[in-house]
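The values are calculated or read from the model by the stated rules, or taken from the named source; none is laboratory data. Please read these numbers as outputs of a predicted model, since none were measured by experiment. A quick note on method: Cβ atoms are made from the backbone with ideal geometry, for glycine too, and the neighbour counts reach across all protein chains shown.
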Amino acid sequence: MKGGKLTSTTLVKRYLRLISRIDRAGPRLNSIAEVNPDALEIARQLDYERSELGSRGPLHGIPVVLKDSIATTDGMETTAGSLALLGSRPHVEAFVVRRLRRAGAIILGKANLSEWANFRSSNSSSGWSARGGQVRNPYVLDRTPCGSSSGSAVAVAANLTSVALGTETDGSIVCPSSINGVVGIKPTLGLVSRAGVIPVAHSQDTVGPIARTVADAAILLGAMVGVDKDDAATKSSAGRFHRDYAKFLDRNGLKGARVGVPREGYFGYSDKADAIAERAIRRMAKLGANIIDPANIPTSKQMSSSEDEMTVLLYEFKDDLNRYLAGLKSSRVRSLKEVITFNEEHKQKELKFFGQDLFLKAQKTTSLKDRKYIKALKNDHLLSRQKGIDFVMDKRRLDALVTPTMSPAWAIDLVDGDHALGGSSQPAALAGYPAITVPAGFAFGLPVGITFMGRAYSEPTLIRLAYAFEQATHHRTRPRYRRTVAT
């Protein structure tokens, strides 16, 4: 673009052709719920602006896909994959969307997702929504894309967009990014505003970038950050965020870094993921990292066995969703109770594969003043922060922790739901701390990533480490759309 060899208009046209050929037909990935009808006109305007006034920055004219839980006030829907929210309209766009538009990004479309960010049923199939159907993994089509930011990760992996935004409550950015062979950053809670994003739980929800490279993810993150008066959590980021995270990209970033390996709870559930992570750890050591192994999180078993996380999510989901729905400019549903009723009235479409047991449990909760909720939230923070990540990192003087992100993708099962073996997203999710997943290898043609996690606002360090690993290994390859696993 700088050299005049490519225009935003040409780039958007290419992506639209690929969406038509790969997402809507051909392999039929179902990753894009909706294309922005104004995308081409916006591209033309940005091309003219570039030629007459110059570039706004690295995102000028770059297409971005948004998870369909991030509100826009253009001609597109914001539904969280639910038929109940078709036709609903927000008063204003999400803060992150306004930031991206200001940076010159083109909102190319909305990505399909696990309906209601995978918080409707305990037996759901990741990547399925009543609005968009089942998202499919571009590497092996009968395998899960994981979720809930399924379409965002698949669209990036299949080269249907330059970059995308996802959201995470616990694993919803890092899992689909790992399983689809791309980079995902789950930011510190408070670094990026959630205003205008359909919520699950305010104590864990984040919005983050998904990209094919660490550099692209870092550039996108810089355009998203900032204090927002409509999200009180962002006040803590004042003086701690960076407009340019690309400055932390360092090919030698692993040299001298102290990287801990928390084995207890985050290894052992998948031999294939373990083998890939072990090779990655050995490679990091050769690149100059000081590997502290093991560096276990002492509370890992307590976190995984406790019901406190689910208690917090159920209480906050009801309260946060009711606030979001009540604040819409127009909507056929204004509360969780009304969504439950809508699903029952449209069960042939909404409930044909799995139910809404989590909705029903959330509806039975009282208020955020309930001692049960307050105690659970306090315990989550204690186990994940002071007695968890902070404890082991302080004790072992670590720059980051590294784990396998997830197992390879399991088979899509609309009858019995997901078959996840394990993962490492919980500590950072409960703590509200950052994590970044980067491709680390393949098992039977299925991508597997590793996760770097650390203290609050340690994104610069994590980006440096992930970039150094990525540049030394280059594990990502283009998807081949196999029908099933190669044997």
_With the requirement that a residue be more than 19 Å from residue 160 (Cα to Cα) and among the small types (Gly, Ala, Ser), what does the stretch 115-133 give you?_
117, 121, 122, 124, 125, 126, 129, 130
*If you check every pair at least six apart or on different chains, which have Cβ atoms under 9 Å apart with a residue in the stretch 427-438 that is surrounded by fewer than 24 Cβ atoms within 10 Å (Cβ to Cβ) first and a residue that is not in a loop (DSSP other than H, G, I, E, B) second?*
432/189; 432/206; 432/233; 432/381; 432/384; 432/385
*asked:* Quick check on my filter: what residues within the stretch 316-330 are under 22 Å from the mean Cα position of the chain (by Cα) and either closer than 16 Å to residue 370 by Cα or modelled with pLDDT under 95 (or both)?
replied: 316, 317, 318, 320
*So which residues in the stretch 71-111 are assigned to a strand (DSSP E or B) and of a type outside the set (Val, Ile, Thr)?*
89, 108, 109, 110, 111
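Keeping to the stretch 207-261, report how many residues are charged (D, E, K, R), buried (at least 17 other Cβ atoms within 10 Å of the Cβ) and assigned to a loop (DSSP other than H, G, I, E, B). Break it down into steps so the answer makes sense when it comes.
So in the stretch 207-261, the residues charged (D, E, K, R) come out as 212, 216, 228-231, 235, 240, 243-244, 247, 250-251, 255, 258.
If we keep only those that are buried (at least 17 other Cβ atoms within 10 Å of the Cβ) as well, we get 212, 216, 228, 231.
If we keep only those that are assigned to a loop (DSSP other than H, G, I, E, B) as well, we get 212.
The number of residues fulfilling the criteria is 1.
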*Of these, 148, 126, 162, which one is among the polar types (S, T, N, Q) and under 27 Å from residue 104 (Cβ atoms)?*
162
*Kindly indicate whether residue 290 is in contact with a helix residue (DSSP H, G or I) (Cβ under 9 Å, 6 or more places away or on another chain) and polar (S, T, N, Q).*
no
*How many residues does the stretch 355-381 hold that are without any contact (Cβ under 8 Å) to a residue 40 or more places away in the chain, of a type in the set (A, V, I, L, M) and more than 30 Å from residue 416 (Cα to Cα)?*
1
*Pick out the one residue from 232, 201, 195, 285 that is without any contact (Cβ under 8 Å) to a residue 24 or more places away in the chain, within 27 Å of residue 323 (Cβ to Cβ) and of a type in the set (A, V, I, L, M).*
232
